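**Q** I have a structure I would like to understand better, so I am pasting it below and will then ask my questions one at a time.
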Amino acid sequence: MVQIYQYAVAALFIESITIFFYFQKKSLLTFQNILFLAILSDVTITTILELSASYIEVHFLDYPLGLLWVLEAFYYTANITFALLFAAYNFSALDVSSRLDVKSKRFLKCAMFIPYFYAVFIVWLGLLLKNHFVTVFLIDPIVGYLRSYNFWFYSFAVAKTYYVLLSFILIIVFRKLISKEKQQITFFYLITILFTSLLQFLHYGLLVESFGMALVTLVYFFFIQKPEELVDSATKTLNSIAFQRFVSHNLCVLSDFSCISIYIDDMIFIANTFGINRQNMLLKSVGSFLMQNFSYQNTFYLNQGCFCVLVKNSEREKIDKAISILQSRFQKAWINDTVELKLYIRLCVICCPQDAESAEEVFDIINMVSTDERYKQSVVFANEIDLKYRKRTIYIEHSMRNGLTENRFDVFYQPIYSSVEKKLIGAEALVRLKDENGKFISPEDFIPIAEKAGAILRIGEYVFESVCLALSQIDIEAYGIKKIDINLSVAQCMQEILAEQILKIQSVYQIPSSIINLEITETAAAHTPEILLKNMQDLSLAGFELSLDDYGSGYSNMNYMLNLPFKMIKIDKFIVWAAFSDKRAEKALAATIKMIKAMGMTVLAEGVETQTQAKWLVKNGCDYLQGFYFSRPIPKKAFLAIMKENKTIEI
């Protein structure tokens with residue numbers, strides 16, 4: 001029997017290269033990485049078994065027949081194991097299991113293992129029986145190795161093909177959720193394995209199948225496995241992707257561990273003072289210290305000065321020891337290029353799975369502690385965090401995360417009454433958010449979280465653009481709309497390009513600038529006076545009306561009204577309500593309205609809920625009124641319907 005070994009030898013060479021690079025790159029102990037190591041081991045063993053069995057097939061008279069039986073049985077077993085492992089790896093690498101429910105996962109396990117156990121069973125049963133009844137192959141004393149070419153042999157081949165086709169079905173079913181690159185690599189696997197297996201099936205002795213197996217393993221290593229993607233380039237530690245995989249793997253196998261996040265304060269200050277390069281060198285020094293004390297496998301850099309180390313088990317003694325190591329080192333200065341810096345850290349200890357049952361929950365806790373002012377202490381334990389507040393915050397953050405792309409944000413309008421015209425003349429645009437179940441989340445809840453998360457800029461831009469779009473689609477004069485008030489957040493007011501962004505959107509929709517009133521809070525005026533003044537001057541010159549929102553809510557300062565180009569002052573609803581329960585507050589409000597009017601500005605009173613309040617405010621000189629007495633915030637369609645039928649309202 002002629003045997004062509006060249007392809008199998010080449011396969012062994014490719015496998016050696018893959019093994020070399022695999023162990024050159026530091027690998028994370030996750031399910032996907034364990035699977036790949038198993039594949040790499042199996043394909044190498046398969047090639048060695050194939051070469052050994054093929055050699056003995058030619059010289060079978062020189063060796064015991066039992067040895068050839070065992071080698072062939074192990075070869076067939078390793079061959080079908082490769083098919084199973086690669087199918088499982090594709091499901092893991094393409095993240096299919098996370099998209100399946102419990103019932104589907106159970107079905108998938110059965111679909112994965114039943115054909116495998118059947119194939120292994122018939123291989124080894126043939127070895128035990130050594131007869132023609134159940135056998136995938138035969139060892140004849142005269143001829144040597146023979147394929148059976150019977151039902152059992154073909155059913156074994158079908159089992160191998162089944163696993164290849166399983167990956168093909170995976171690509172077809174989940175094609176919209178899988179990147180094109182991963183689809184192309186998976187198709188390469190399918191074509192290569194099917195072609196080389198068929199070639200060896202038709203031309204026995206041409207040992208090309210192991211070559212195909214080695215080739216796809218190498219391609220998967222560099223294009224799917226991508227070990228370099230798990231390393232942070234600046235610190236040389238593992239990155240957030242690796243952290244997510246590692247935590248998910250440990251939670252999946254019900255491993256007990258603790259995650260200690262190390263948040264370094266003032267990273268922005270360090271970058272601005274010493275430069276990005278020196279900041280990165282400093283972070284690398286911190287990463288090196290952590291890897292020396294907690295190992296490479298357990299050290300991660302997430303982002304913006306936040307490291308994480310993992311400690312096996314959640315025993316308090318081990319956690320206290322880890323905290324002591326960290327605090328002792330960070331109490332000393334870090335010397336980098338003759339620059340001596342002392343870093344101040346905050347630690348958060350998360351015991352898994354007690355405090356968090358998923359990698360996403362771990363990330364949420366870390367983000368909360370790093371951004372929430374209430375947790376600015378040296379050490380915070382996750383079990384001490386306000387659980388109700390934490391869950392509420394996580395729930396809102398999840399709702400905001402995809403709110404814009406999933407059209408769960410909307411703009412409502414609360415009508416504004418003019419005491420001069422005695423009718424509604426516009427509205428204040430107010431953002432609203434629905435969760436995944438269609439329930440509204442209060443702006444008082446999600447706006448502060450959006451400001452901390454940095455999402456408020458995109459939300460503010462969405463509101464302004466939504467208003468401009470709505471106005472561009474109607475005849476403004478026909479609806480009697482003379483003003484729409486739009487809030488600007490503190491974060492927006494801190495942007496030097498605020499005016500530029502607003503003017504750009506306004507020009508796209510060709511909305512008269514005079515119809516838009518931009519509301520600026522006292523908080524923004526207090527925090528960003530220079531940037532705000534420049535933006536306000538540009539917007540005022542462009543014809544926008546500017547108003548001071550929530551006057552009297554906390555940062556009241558006469559300088560804002562004197563030095564900033566406001567045309568209207570909106571009095572906070574709590575000041576209005578207080579005036580009708582306290583005589584001194586009533587006199588103060590009357591004097592405030594009179595003062596604002598004397599300065600040449602108009603006045604809008606918020607929170608008007610009764611006719612008594614409305615009459616008193618109009619009598620004392622309020623130009624505009626807004627509150628539940630006239631209308632609650634309503635959707636655009638309802639607001640336009642009210643304005644279409646707008647009539648005189650006598651107070």
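The values are calculated or read from the model by the stated rules, or taken from the named source; none is laboratory data. Only a predicted model underlies this, so the values are computations on that prediction, with no experimental measurement involved. Using ideal geometry, Cβ is built from the backbone for each residue, glycine included, and neighbour counts are taken over all protein chains shown. Remember, those area values only see protein heavy atoms, side chains included, never the ligands or the DNA or RNA. Shrake-Rupley method; radii C 1.70, N 1.55, O 1.52, S 1.80 Å.
**Q** Could you sort 80-89, 506-515, 218-227, 569-578 so that the peptide with the highest average Cβ count within 10 Å comes first and the rest follow in order?
**A** Going from most to least packed, we get 80-89, 569-578, 218-227, 506-515.
**Q** Given Cα pairs under 8 Å that are at least 6 residues apart, what percent is the relative contact order of the chain?
**A** On the way: 920 pairs, mean separation 58.6, N = 651.
After rounding, I find 9 percent.
**Q** To continue, here is another question. So if each residue of separation counts as 0.36 nm, and I subtract the Cα-Cα distance between Val253 and Ile17, what length gain in nm does that give? Spell out each step's value before the answer.
**A** Working: separation 236, 0.36 × 236 = 84.96 nm, distance 3.14 nm.
This chain segment gains 81.8 nm when fully extended.
**Q** Over the heavy atoms of Thr237, what accessible area does a 1.4 Å probe trace out, to the nearest 10 Å²?
**A** Thr237 exposes around 0 Å² with every protein chain in place.
**Q** When DSSP assigns beta bridges and you keep just the ones with both residues in the chain, what percent turn out antiparallel, to the nearest 5?
**A** Bridges in the chain that DSSP calls antiparallel: roughly 60 percent.
**Q** Normalised radius of gyration for segment 309-427, please: alpha carbon Rg relative to 2.2 N^0.38 Å, two decimal places.
**A** Values: Rg = 22.9 Å, N = 119, 2.2 N^0.38 = 13.5 Å.
For segment 309-427, the normalised Cα radius of gyration is 1.69.
**Q** While we're looking at this one, here's another question. Which of the pairs Lys422/Lys637; Lys109/Lys160; Lys570/Lys636 have their Cα atoms more than 18 Å apart in this structure?
**A** Lys422/Lys637; Lys570/Lys636
**Q** While we're looking at this one, here's another question. At a 1.4 Å probe radius, which order do Ser148, Ser210 fall into by accessible area, largest first?
**A** Result of the area sort, largest leading: Ser148, Ser210.
**Q** Turning to a different aspect of this structure: For the chain, treating each Cα as an identical point scatterer without solvent, what Debye log10 I(q)/I(0) comes out at q = 0.09, 0.11 1/Å?
**A** Debye curve over Cα of the chain, log10 I(q)/I(0) at q = 0.09, 0.11 Å⁻¹: -0.92, -1.12.
**Q** Which number do you get for Rg(Cα) / (2.2 N^0.38 Å) in segment 146-292?
**A** Normalised by 2.2 N^0.38 Å, the Cα Rg of segment 146-292 equals 1.61.
**Q** Mean residue ellipticity at 222 nm from the helices of the chain, using -39,500 (n - 2.57) per DSSP H segment of n ≥ 4 over the full residue count, to the nearest 500 deg cm²/dmol?
**A** That calculation yields -18000 deg cm²/dmol at 222 nm.
**Q** What distance in nm separates the simple spin-label points at Asp475 and Lys226, each placed 7 Å from Cα in the Cβ direction?
**A** 5.6 nm
**Q** What are the semi-axes of the equivalent ellipsoid of segment 2-65, taken as the square roots of 5 times the eigenvalues of the Cα gyration tensor, listed largest first and rounded to whole Å?
**A** Value: 31, 13, 7 Å, ordered largest first.
**Q** Right, here's the next one. Taking only Cα atoms, what is the 0 to 90° angle, nearest 10, from helix 65-93's long axis to the longest principal axis of the chain?
**A** 10 degrees
**Q** Over the chain, with the other protein chains present, what is the accessible area per residue in square angstrom, probe 1.4 angstrom?
**A** Values: 32100 Å² over 651 residues.
Using a 1.4 Å probe on heavy atoms only, each residue of the chain averages 49 Å².
**Q** Calculated FRET efficiency, Lys434 and Leu61, Cβ-Cβ r, R0 56 Å, to nearest 0.05?
**A** Using R0 = 56 Å, I get an efficiency of 0.10.
**Q** Turning to a different aspect of this structure: If you take the beta carbon distance between Tyr395 and Val158 as r and set R0 to 51 Å, what does 1/(1 + (r/R0)^6) give as a FRET efficiency, to the nearest 0.05?
**A** 0.55
**Q** Follow-up. Give the relative contact order (percent, whole number) for segment 582-651; include only Cα pairs under 8 Å separated by 6+ residues.
**A** Rounded, it is 29 percent for segment 582-651.
**Q** Once the Cβ-Cβ distance between Asn313 and Lys504 is put in as r, and R0 is 56 Å, what FRET efficiency do you end up with, to the nearest 0.05?
**A** FRET efficiency, Asn313 to Lys504: 0.50.
**Q** Can you flag which of Lys534/Lys567; Lys482/Lys647; Lys332/Lys452; Lys103/Lys434 are past 22 Å Cα-Cα?
**A** The pairs that break the limit, which is 22 Å between Cα atoms, are Lys332/Lys452; Lys103/Lys434.
**Q** Identify all aspartates and glutamates with a Cα-Cα distance to Lys180 below 19 Å; exclude those on the same chain that are fewer than 8 residues away in sequence.
**A** Asp95, Glu229
**Q** Moving on to the next point. For Gln537 and Phe628 in one chain, what is 0.36 nm times their gap in residues minus the Cα-Cα distance, to one decimal in nm?
**A** Net length gain for the segment: 29.4 nm.
**Q** Using alpha-carbon positions, what is the distance between the centroids of segment 494-510 and segment 307-347, in Å?
**A** Distance between centres, Cα-based: 45 Å.
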